[in-house]
Structures are given as structure tokens and as C-alpha cells.
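The values are calculated or read from the model by the stated rules, or taken from the named source; none is laboratory data. Values in this document were obtained by computation on a predicted structure and should not be read as measured data. In this analysis, Cβ positions are derived from the backbone assuming ideal geometry, glycine residues included, and neighbour counts consider all displayed protein chains.
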Amino acid sequence: MLDYFGLEADLGEEERLLVASAREFVDGEVEDVGQHWLDGTFPTDLVPKMGEMGFYAPNLDGYGLPNVSEKAYGLLMQELEACDSGLRSMASVQGALVMYPIHAFGSDEQKEEWLPKLGTGEAVGCFGLTEPEHGSNPSAMETRAERAGGHAGDEYVLNGSKTWITNSPIADVAVVWAKDHSEDGDPVRGFLVETDRDGVTTNEIDDKLSLRASVTGEISLQNVRIPKENRLPGVEGMKGPLSCLTQARFGIAWGAVGAARDCFETAREYATEREQFGKPIGGFQLQQEKLAEMATQITLAQLLAHRLADLKERGEMRPQHVSMAKRNNVRMAREQSRVAREMLGGNGITTDYSPMRHLTNMETVYTYEGTHDIHTLILGEDLTGIPAYE
Ligand SMILES: Cc1cc2nc3c(=O)[nH]c(=O)nc-3n(C[C@H](O)[C@H](O)[C@H](O)COP(=O)(O)OP(=O)(O)OC[C@H]3O[C@@H](n4cnc5c(N)ncnc54)[C@H](O)[C@@H]3O)c2cc1C
């Protein structure tokens, strides 16, 4: 495995163990991810197995969660995405976008009810922020929550629709972000919505050409009544969903390195075996230049990810750091997976080899959790003090 600057040598025992167990899991338990990708299915038998392995929010504490280091968590995301972005997305959504907000902003009752079963994979969660008309600008969301019977009412009624929601068709619970119209200023709030409630539908989006080994759907909410206790009490405003995205983007910055590394390893192996003009193609300077550049770009992304984890561990990581790492590392993986695909010639366009699968997956990863453009604007604002979103 490419580790040109020997970063693995500095890992602690816990981090090494998690990397080893994730690699073993991916090699032993994930059968033919290429076929799942072709079929447009997620291997749902892995949901509880990943829970058993402690892959969901292992960096959180309490409720049976292992509380590993941020670097260990990042390394785990790297290993899962080296297999497929669908696998990493499953762990990211469950851990960073569902368990994290319950852990950070939930009531004791919500934590006790959901964290243990989400942690084991007995329950699946999803995160509903994006709407059909509001993607990059979620603060314009239209989904609304209203207290039935006024301020003293026991229930909220939710109406609206969310789209592009990873796992919604297989989820037991959705963290839905909505504007609370029973309060002055209509603040954004998070609500836990069990998907079997009357008025909830979660149609699958099945014509994707990217992230095919992942279930994606909508969430339609029509007069959905939930007890007032289902509101996440600990947060108000866009910092709720945005803080979840910071956690998930951290995992993506790491995961993208895994996808690129897998492309590199596949291309390197192919180049040393495939012969043309009487010698391995890896013996030609043109192919060596591609490998040299790929290895350099992956190494730079690895260094960024490791430093990001150090900052997170020290409590010094800013969302803008995450934006830079997500933006850079995903662009790198998107570009380098294309180079790896190219090095495989015609064989490179099949599911027998991983690069084209990673390449198409990267189109989603480049777009979700803040598009590349949006992270550019976040950095631009941080560097100049001038917001340029509108
Ligand atoms: C497979 C998949 C899974 C997903 N999973 C989830 C999930 O689990 N939960 C969830 O809530 N969402 C999810 N998303 C949604 C994702 O976060 C959005 O697609 C993303 O935020 C972009 O929104 P949009 O698709 O509406 O594009 P738009 O916001 O319409 O953007 C279209 C283009 O315009 C550009 N653009 C927008 N605004 C500006 C600007 N101010 N300046 C310059 N350029 C701009 C964008 O960069 C983009 O290139 C998922 C998406 C996909 C594809």
C-alpha cells in the first residue's frame, strides 16, 4: 500500500489495529462490490456486520461506542473508501450525520433510545437536509415544522420534501432539518422522524450513474406528526446541520485518499504485468510519469489528512480546514482515478478493475457535502473576509 512518507510508522496501537481490522473486513466480508455497483444495490448484510466491527461513529464516547482517536476514525474511512465510496458513505451517514447530532444535540432519552442500536447497525439512520430546490443553499429550506395546538402542544407537524438522501429507503429514523414556524424567526431545528410514521414516504432514486453501491432516496413529509420530544433540544439554526457536515467532510477528506490509493495500486500492478511492444507498460516513461504524479498527489493528500486529524484531536480544527482538505483530496481522487483508468486501457472501463468505479463515484463525492465550488467560496471568504456566495 502506498505510504511513501512512512506515515503508518507513526500510528499508535489502536490506529494500527483499526486499519488492520478494516482491511481484513473489506477483503473478507465484502463480496464483489463491483457486482453490487452494477446492480445498483448496497450489500445490506454488511450493515450489522459493520456495526459489530464498531465502524459507526467509533470516535464518539459512551453508549457502547469505542471513542477511538480522530486519526483512527479517518484511517477507517480511508480503508472503507478504498473498497467503495458506497461503503464509506454508509458509515459516514450513520456515524457523522445521524449519531453525531444525536450525541451532540440530543436529549438523554434520544441518546439512550438511538445511539446503541445505531451503533450496532440494528437501526439505520439518514440525514435529510437537501431539498429539490435547495442544495448548495440549504438555509433557504422550505420544510416546515409547526407545533400542533400552539406553544403548549405536545406534537410537531412536519411538511416538506428532501431529496438525494443516502439510505432514506432503508432507514428506520431520519434526522430532518426544518424551519420551526412556531417560533419567532423560524429557526432551523433538527427532528428525529421514524420512517414508519404516517405521512412519511422514502422513494428510491434508482437512475444514478455514480455511487451505485449505495441506496439514495427522497423523504416526503405530509402532515407527519411527531411528539415534541423528537426535536433535538441542543441546537438551533444552521450551525446544527453544518456542524454535522464538518464531521462527515472530515471523513470524506480521508476516504477520498483511500479511493485514490486503490486506483494507484491497481494501476501500478497492471503496469508491471501488462506487456506491449515486448515489455511491461510500466517500463515506458509515459506510464512512469503517471505513476510518479499519482503517488505524489496521493502522498500530499495523505499529509493533509493526517494534519487535519491532529488539529481535530487538539480541538484546533476549523471548518475551513475541513473545506480545504475535502476540496483538495476529492479533486485529487477524481483526477487520479481517471489517470489510473487510462493506464488500464480497454480493461479499465470494466468492473473487473476498480478505477472506473471509483472515478464515477467521485462525481458524487465531488458534489455532496458541499460541492467543490462551495468549498472554494468558503475558502475565498476565509482568505479575504468577503463572502461571494450571492
Ligand atoms: C448520491 C448522493 C447522495 C447524497 N446524500 C445526501 C444526504 O444523505 N443528505 C443530504 O441532505 N444531501 C445529500 N446529497 C445532496 C448533496 O449534498 C447536494 O447534491 C449538493 O449539496 C449540491 O446541491 P444540488 O445538487 O442541489 O446542486 P446545486 O446547489 O443546484 O448546484 C449546481 C451547481 O451550481 C454550483 N453552485 C451553486 N451555488 C453556487 C454559487 N453560489 N457560486 C458558484 N457556483 C454555485 C454548484 O457548485 C454546482 O456545480 C447527496 C447527493 C448525491 C448525489
Given the conditions (1) at negative phi; (2) in contact (Cβ under 8 Å) with a residue 40 or more places away in the chain; (3) surrounded by fewer than 20 Cβ atoms within 10 Å (Cβ to Cβ), report the number of the one that GLY237 does not fulfil. (1)
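Test SER214 against the criterion of being in the same structural domain as ASP184 (by TED's automatic domain parsing), surrounded by fewer than 22 Cβ atoms within 10 Å (Cβ to Cβ) and small (Gly, Ala, Ser), and give yes or no. Quick ask: steps written out before the conclusion?
Numbers: in the same structural domain as ASP184 (by TED's automatic domain parsing): yes; surrounded by fewer than 22 Cβ atoms within 10 Å (Cβ to Cβ): no; small (Gly, Ala, Ser): yes.
No, not satisfied.
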Residue tally, condition away from the ligand (no atom under 12 Å from the Cβ), among the charged types (D, E, K, R) and in a strand (DSSP E or B), over the range 146-173: 3
Return yes or no: is GLU194 under 22 Å from ALA57 (Cβ atoms), acidic (Asp, Glu) and not assigned by TED's automatic domain parsing to the domain that holds VAL33? yes
Determine whether the range 81-89 contains at least one residue that is away from the ligand (no atom under 16 Å from the Cβ), closer than 22 Å to TYR368 by Cβ, touching a Gly at 6+ places or on another chain (Cβ under 7 Å) and charged (D, E, K, R). no
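Can you work out which of the residues in the range 119-145 that are more than 19 Å from PRO241 (Cα to Cα) and buried (at least 18 other Cβ atoms within 10 Å of the Cβ) is farthest from the ligand (Cβ to nearest atom)? Let's see the steps before the verdict.
Residues of the range 119-145 more than 19 Å from PRO241 (Cα to Cα): 119-123.
Now narrow it down to the ones that are buried (at least 18 other Cβ atoms within 10 Å of the Cβ): 119, 121, 123.
On the way: GLY119: 19, GLY121: 17, ALA123: 16 Å.
Among residues in the range 119-145 that are more than 19 Å from PRO241 (Cα to Cα) and buried (at least 18 other Cβ atoms within 10 Å of the Cβ), the one farthest from the ligand (Cβ to nearest atom) is GLY119.
Do the conditions hold for GLU236, that is, is it among the acidic types (Asp, Glu) and within 20 Å of TYR100 (Cα to Cα)? Reasoning before the result, please.
Numbers: among the acidic types (Asp, Glu): yes; within 20 Å of TYR100 (Cα to Cα): yes.
When the stated conditions are applied, GLU236 passes them.
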If you check LEU377 against the conditions, is it crowded, with 16+ Cβ neighbours inside 10 Å, part of a helix (DSSP H, G or I) and within 16 Å of the ligand (Cβ to nearest atom)? yes
Suppose we filter THR371, THR350 for residues that are within 15 Å of the ligand (Cβ to nearest atom) and hydroxyl-bearing (Ser, Thr, Tyr); which single one remains? THR371
Just checking, which of LYS312, LYS326 is within 13 Å of the ligand (Cβ to nearest atom), under 18 Å from TYR73 (Cα atoms) and either buried (at least 22 other Cβ atoms within 10 Å of the Cβ) or modelled with pLDDT of 95 or more (or both)? LYS326
Please give the number of the condition ASN59 fails out of (1) in contact (Cβ under 8 Å) with a residue 40 or more places away in the chain; (2) out of contact with any Gly (no Cβ under 7 Å at 6 or more places or on another chain); (3) of a type outside the set (Val, Ile, Thr). (1)
From ILE226, ILE219, which residue is in contact with a helix residue (DSSP H, G or I) (Cβ under 7 Å, 6 or more places away or on another chain), in a strand (DSSP E or B) and hydrophobic (A, V, I, L, M, F, W, C)? ILE219
Given the criteria under 27 Å from GLU15 (Cβ atoms) and either of a type in the set (Phe, Trp, Tyr) or surrounded by fewer than 17 Cβ atoms within 10 Å (Cβ to Cβ) (or both), does GLY64 qualify? yes
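Every residue, every condition in (1) free of Cβ contacts under 8 Å to residues at least 12 places away in the same chain; (2) closer than 27 Å to MET356 by Cα; (3) in the same structural domain as ARG357 (by TED's automatic domain parsing); (4) in contact with an Asp or Glu (Cβ under 7 Å, 6 or more places away or on another chain), yes or no:
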| residue | (1), (2), (3), (4) |
| --- | --- |
| ALA91 | no, yes, no, no |
| ALA104 | no, no, no, no |
| GLU113 | yes, no, no, no |
| SER136 | no, yes, no, no |
| SER139 | no, no, no, no |
Inside the range 203-238, the number of residues satisfying the requirement of being within 12 Å of the ligand (Cβ to nearest atom) and not hydrophobic (A, V, I, L, M, F, W, C) is 10
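Yes/no per residue for (1) under 23 Å from CYS263 (Cα atoms); (2) assigned to a loop (DSSP other than H, G, I, E, B):
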position: GLY315; (1), (2): no, yes
position: HIS321; (1), (2): no, no
position: GLN336; (1), (2): yes, no
position: HIS358; (1), (2): yes, no
position: ILE386; (1), (2): no, yes
position: TYR389; (1), (2): no, yes
Of those in the range 287-298 that are among the polar types (S, T, N, Q) and surrounded by fewer than 17 Cβ atoms within 10 Å (Cβ to Cβ), the residue farthest from the chain's Cα centre (by Cα) is GLN288
Quick check: is even one residue across the range 174-186 away from the ligand (no atom under 11 Å from the Cβ), out of contact with any His (no Cβ under 6 Å at 6 or more places or on another chain) and within 22 Å of ALA123 (Cα to Cα)? no
